[in-house]
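Notes follow once the structure below has been shown.
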Amino acid sequence: MAPEAHDRSRVEVRRSARRSRTVSAYREGDRTIVLIPARMSHAEEQRWVAQMLEKLAAQESRRIPGDEALMARARELSAAYLDDRARPSQVRWVTNQNSRWGSCTPSEGTIRLSHRLQGMPEYVLDYVLLHELAHLLVPDHGPAFWALLEAYPRTERARGYLEGVVSAARLPHIPGARHAGPGPTGPDQAASCD
């Protein structure tokens, strides 16, 4: 996502007297946390926020597969875990799914993945893709559906990760609270500068 496209109201700046030179930033759910030295002026803060948003966006764009890569990965997963029986006609990112991770329309063979998955570990994205591919074969969540997902070795781990993300989003945010390090997205989602 381009820095100008990122909602600035979702940026939280945390100042620290112990931080003397370094500036760092990371994603925490839908927010971006920017850590700066307490002595920094408002103008310097604005400049660093813009720079860090740009840096994070550049990191994320290198990691986020496009729609063509999603389709290729869906084909690989279908071949590996579903005997190549699930054949989507389209796989794409969407920004209008905030209460689900993915969806599909079996009659059309289309799969849509929530943009909220972008930047999550690959095994989580694979699980959601495989979940939607399985729906192309079995539209409900009955025993036949879950039997299709048994072959994927990281199903439980991916489900636990997604449940953790949902739970973390429900936790109250305490302004000014100390933070131990990079957010729940992990250290690879953080950027820092001197």
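What does the extension gain come out to for V166 and V94, with contour length at 0.36 nm per residue minus their alpha carbon separation?
24.1 nm
Stretch A43-S16 to full length: gain in nm at 0.36 nm per residue minus the Cα-Cα span?
Gain on stretching A43 to S16: 8.0 nm.
Once the whole set of protein chains is in place, how much accessible area is left on R157, using a 1.4 Å probe, in Å² to the nearest 10?
Estimated to the nearest 10 Å², R157 gives 140 Å².
Would you mind getting me the FRET efficiency between S107 and D84? Use the beta-carbon distance for r and R0 = 22 Å, nearest 0.05.
My answer for the efficiency is 0.65.
Considering only protein heavy atoms and a 1.4 Å probe, what is the carbon-and-sulfur percentage of the accessible area of segment 97-177?
C and S fraction of accessible area: 54 percent.
Using the Karplus curve 6.51 cos²θ - 1.76 cosθ + 1.60 with θ = phi - 60°, work out ³J(HN,Hα) for each residue of segment 116-125 in order, rounded to whole Hz, and write x for Gly and Pro.
Couplings: 5, 7, 5, x, 6, x, 4, 5, 6, 4 Hz.
The values are calculated or read from the model by the stated rules, or taken from the named source; none is laboratory data. Being a predicted model, the structure only gives us computed values, none of them experimental. For neighbour counting, all protein chains shown are included, and Cβ atoms are generated from backbone atoms with ideal geometry for every residue, glycine included. Remember, those area values only see protein heavy atoms, side chains included, never the ligands or the DNA or RNA. Shrake-Rupley method; radii C 1.70, N 1.55, O 1.52, S 1.80 Å.
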